[in-house]
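Working notes, structure below.
Each reported figure results from applying straightforward, stated rules to the coordinates on display, with no laboratory input. Only a predicted model underlies this, so the values are computations on that prediction, with no experimental measurement involved. Backbone-built Cβ (ideal geometry, glycine too); neighbour counts: all protein chains shown.
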Amino acid sequence: MNKGKKRRGKKEEEETNGLIRLEEEEEEEEEEHNKTRGGKEYDDEGGLIICRLSDKRRVTISDFRGKTLISIREYYKRDGKELPTAKGISLTAEQWSSFKKNLPAVEKAIKKMESW
């Protein structure tokens, strides 16, 4: 009888482990689903990822205290999540607009420097 109990206990444990694994897989799938809503990709903080400049750098748009921020920032991975570092910049919509207006001057300066 003891053997039967051990087997049932082991079987129940295996089934429980199977359920735990299934729950973990479902959570991972849900996280992936939350990262891509409506064909758009979102970061772990809920910011819309506009583009990935490299493995660690990206441009995102997010809401912070009711203000829209455009961020160009480096990210790192911890516990399976990609988190922002202090390396980067966040611009308000007004600052972004000013930056866009000055892009031709930036591009001109880049061309000039590259021709030296």
Place the peptides 75-87, 44-56 in order of packing, highest mean first, counting for every residue the other Cβ atoms within 10 Å and averaging per peptide.
-> 44-56, 75-87
Going down the table (Lys40/Lys67; Lys67/Lys101; Lys40/Lys77; Lys77/Lys101), which pairs top 23 Å between alpha carbons?
-> Lys77/Lys101
Please give the contour-minus-distance gain from Met113 to Glu74: 0.36 nm per residue of separation, less the Cα-Cα distance, rounded to one decimal in nm.
-> 11.5 nm
Extension gain, Lys56 back to Phe99 (0.36 nm per residue minus Cα-Cα distance, nm) | 13.2 nm
Residue span Ala86 to Phe64: 0.36 nm per residue of separation minus Cα-Cα distance leaves a gain in nm of 6.4 nm
Per-residue HN-Hα couplings for segment 53-59 [Karplus 6.51, -1.76, 1.60; θ = phi - 60°; Hz; x = Gly/Pro] = 7, 7, 4, 10, 10, 8, 10
